[in-house]
Every structure is written in structure tokens, then in C-alpha cells.
1. Tell me which residues come under 5 Å, amide H to amide H, from K451 once H is placed; ignore anything under 5 positions away on its chain.
2. Give me the base-10 log of I(q)/I(0) for the range 221-354 at each q in 0.12, 0.18, 0.20 Å⁻¹, Debye formula, one uniform scatterer per Cα, rounded to two decimals.
3. Can you give the log10 of the normalised intensity I(q)/I(0) at q = 0.15, 0.17, 0.19, 0.29 Å⁻¹, computed with Debye over equal Cα scatterers of the range 272-318?
4. Where Rh denotes the Kirkwood radius from the mean inverse Cα pair distance, what is Rg over Rh for the range 42-95?
5. Return the ratio Rg/(2.2 N^0.38 Å) for the range 323-382, where Rg is computed over Cα atoms only.
6. Need one number for the range 69-160: average projected area of the convex hull over its C-alpha atoms, nm².
7. Just tell me the longest site-free run in the chain, where the sites are GluC sites (Glu not before Pro) in a DSSP loop having at most 16 other beta-carbon atoms within 10 Å.
8. Taking the Cα atoms of the range 366-451, report the difference between the largest and smallest coordinate on each principal axis, in whole Å and largest first.
Amino acid sequence: MNDTIAAISTTMGVGAISIIRVSGNDSILIVNKCFKGKDLTKVESHTINYGYIVNNKEIIDEVLVSVMKSPKTFTMEDTVEINCHGGISTTNKVLETIINNGARIAEPGEFTKRAFLNGRIDLTQAESVMDLINAKSEAKRKIAVKGLNGYVSSIIKNLRKNILELLASIEVNIDYPEYEDTVEMTNEIIKPKLIRIKKKINKIIRESENGKIISNGITTVIIGRPNVGKSSILNKLIDEDKAIVTNIEGTTRDMVEGTITINGVLLNIIDTAGIRKSSNIVEKIGINKSIDLAKHADLIILVLNNNEKLTDDDKKIFKYVENKNVIVVINKTDLCNNLEINEIPYNNIVYCNTIELNGIDSLKNKIIDMFNLNKLSQNDNLSLNNVRQISLAKESLNMLEDALNGIKNQVPIDIIEIDIKRCWEKLGEIIGESYTEELLDQLFSQFCLGK
Ligand code: GDP
């Protein structure tokens, strides 16, 4: 991390100005080598300096150069930002000149990665930087700013502080049992403390999931064999004839989307190509796409035909959506029943027939129940703002659960302490107290260049 990196931080295209950012120990020296104006190595920190970027005495552009010395910079390293004229050719030439003088092209997100590695921001704040750049709605922008200001960090740090206090008192007990003025940490004393922490983590997870639903909506995928009535259900749900309904199997080869709002929450509903064994290449592509969409959905509406027995294709579909939020819709209830309901491995079942419009309201009610939509409040905070953070919080909860089970089973305190410590460490992963290189690579590669 000792080398000096450079990248264009503004979007590539024609604009009034572009900014080239340079960060690292030699950034001031490198830019100074190709700068005609004041000696940048001698200027005050946080000053803007007028001059020219030159390449072998040839003027490349007239520029303003900001010199910001460590540690009060985004990366906490010496940083130089060159404001040059916008335009692809000029911007590229300025960057090329900086590279020729000793900097290296930055990887996507590398400036933010350095800010994290140098301890200026934690992992949740780094993620918020990316969320802020990608925010497409006011709600998302607000959440990202909150995260950037350390809202998520402070929640997690508080929780960890509570756990650490508990761990410290257990350690004192184990290490110095002879101290008379320390309260002996019995399972009875620890239990209510653990329950309190568990409640807090639970609340954070619930609010985060609610907040995610409020701001992102529920991605819903309608899945099933061809001809069971998927397109008809989409049309009835959105009250529009968007998807083509025919009795010819394989009509929906591409995805058809529609949206509805239930209790203020947006459902983005995707009707997918019917899944069956097929040798047709085009149909196969559609089928694979359906399976892939289902994997990433928040809600699956799995449609079956009331008039037919379960087929092998239906059973395969059950497998594809294992462990997802699934509502099974048994369609065509106007026709005689041939489907064995006890062969369906899901409890959330709705009966429906799109000809007489029966069951669509029951389906909506089932969705309300499943996602607790009538209990959602617009005040629900997005405490944790992405799947990584929420799943780590859930893992930490499991560890706390292990500790509580240990207490129930009269396990010795030094064993219980191990689970509490694991919980504390897991929460630390949310803010990046511990991390793997793979995680950092994966996370920062999602950034744009120059950030
Ligand atoms: P998809 O291939 O699963 O999208 O199914 P479609 O919505 O295209 O419907 C296939 C056929 O089933 C069409 O002829 C529909 O008119 C018919 N259909 C859909 N829903 C019902 C229903 O509830 N009852 C009956 N009898 N037919 C239905």
C-alpha cells in the first residue's frame, strides 16, 4: 500500500472539468514533476494552486491543483487532486502524464479501500460510500448518508461494548476467583444480560429487514410449469393485461414485469418462462433465467394447476426454491381437483382461479402476513444496510443462542464465555474489525474507478 495511485474520479465524457485524484506517499512529488507553477512540495496543505500540467515542456492543460497532506485527507495519505478541463482526450492525457511520472492506475474502490485500511472509516462506512454513489432515490440517499456518518458503526460498537463488559467481568471471575469484592458471575447473573443483548440484536435485524423492504420493495417472482396460469395471475395482481395469456405452452419465454403497492410497499413482480424439461435452446435459456431470478427473489409465488397431479417438473421446482419465502398458489380451482395437497412441501397455500377472480385477495393477504406489512412503520430505521451486515448479525445471534442454551444445560461458564466471545467477534466483522482479503477484494471491486 506504499505506492502512489491515480485515477480519474469524474465520469468519463465531455464536461466542464474533470478531476484526477492522486494518493500515496509520493503523490505531491509526482505531480510536482509535471506541474508548472508553484513548487508543490513547498505549498501549505489544503491549498489550491494554479498552473499547468506539462509533459516534456509541452503544455497538456491549464489546471488547478489541490494539495492535501496526510492525515486530514479521504485516504489519510498525501493526496493531490488535479482539476483539468473536461473531455476524454485532455483528461486521459493528464492521467497518462501522472502515470509516466511514477504513479500507478488505481483499482476500482482503491481510494476508499485505503481510507478503510488506514482507519479513517470502517467497513459499514465504506459500504455507505458505495451506496451513496449508487443511490437512485431520496430514501436510499438518506440511508447512505446516515451510514456514512457512522450510524451503523455506533449501533454495533454499542452492542460490542455491552458484550465486552460482560466478557470482562466473566474473565475477572475466572482469573481471580479469590477476589472477594468481585461479584461471582453465575449463569443466573449472565442470563438476563444475554437476553437483553439478544433482544437488541433481534430488534436491529427486524428494523433492518423492515427498512430494506420499505426502501427496496419486495422482488417477487412467479414461477411454475407452463400453462398453470402464471401470466394470468400476474395480470390479475397488477390489474392489467401485461403478460400474454394463451393455452400454448412456452408462450412466456422472456420476463414480463409489473408492479403493485401493498400497504405502501412496492412489489416488483416478474412473470417467468414456464419451467419444464425442454430440448428447445431458446426455451432452455428462458428456463435457466427463471431459475436464476427465483434464486435472487425475496418472494416466490409458485403456481400449480389444481386440475393436474403433481409432475416431476413441479417437484424439481420445489427444489429450486428450497429455503425461500414461498407462497404456493393452486390455480384453476374452477376445474375439478386432481392435485394432492399433502404432497406439497409448503404451508403457505392459497387457492385461486383467475377466470372468476377468486383468491387474488387471499394471495395479497398472504403476502401481507408473510412480510408483516401491516406492522411496518415508515419510521423503521435501516439500522444495517445490506445483506452482508444483516447475515452477520443473524450469525452473531445464533452464537448468543448457543450461549443461552449452554446456560440452560448448566455448562461451565468458561465454555459459555467462548460463545459470547464469538458473538462479539462476529459483530466486529460487520464494521471490519476483522476481515479477509477476499471480502475486501469482493467489496471494493464493486466500486467505480476513482473512488
Ligand atoms: P402460464 O403459461 O403459466 O403463464 O399460463 P397462462 O396464464 O398463460 O394460462 C394458461 C391457460 O390457462 C390459458 O388458456 C388461461 O386462460 C388458462 N387459465 C389461467 N387461469 C385459469 C383458471 O383459473 N381457470 C381455468 N379454467 N383456466 C385458467
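What follows is calculated from the coordinates using simple rules that are stated; it is not laboratory data. Computed from a predicted model, the values in this text were never measured in an experiment. Every residue, glycine as well, gets a Cβ built from its backbone with ideal geometry; the counts of neighbours run over all protein chains shown.
1. Residues meeting the criterion, in which the H sits 1.01 Å from N, are G109, E110, F111.
2. -0.41, -0.99, -1.24
3. Ignoring solvent entirely, the Cα scatterers give -0.42, -0.53, -0.66, -1.18.
4. A ratio of 1.02.
5. Expressed relative to 2.2 N^0.38 Å, the Cα Rg reads 1.40.
6. If I average the Cα hull's projected area over directions, I get 7.8 nm².
7. 45-177
8. On the principal axes, the range 366-451 reaches 52, 42, 21 Å in Cα extent.
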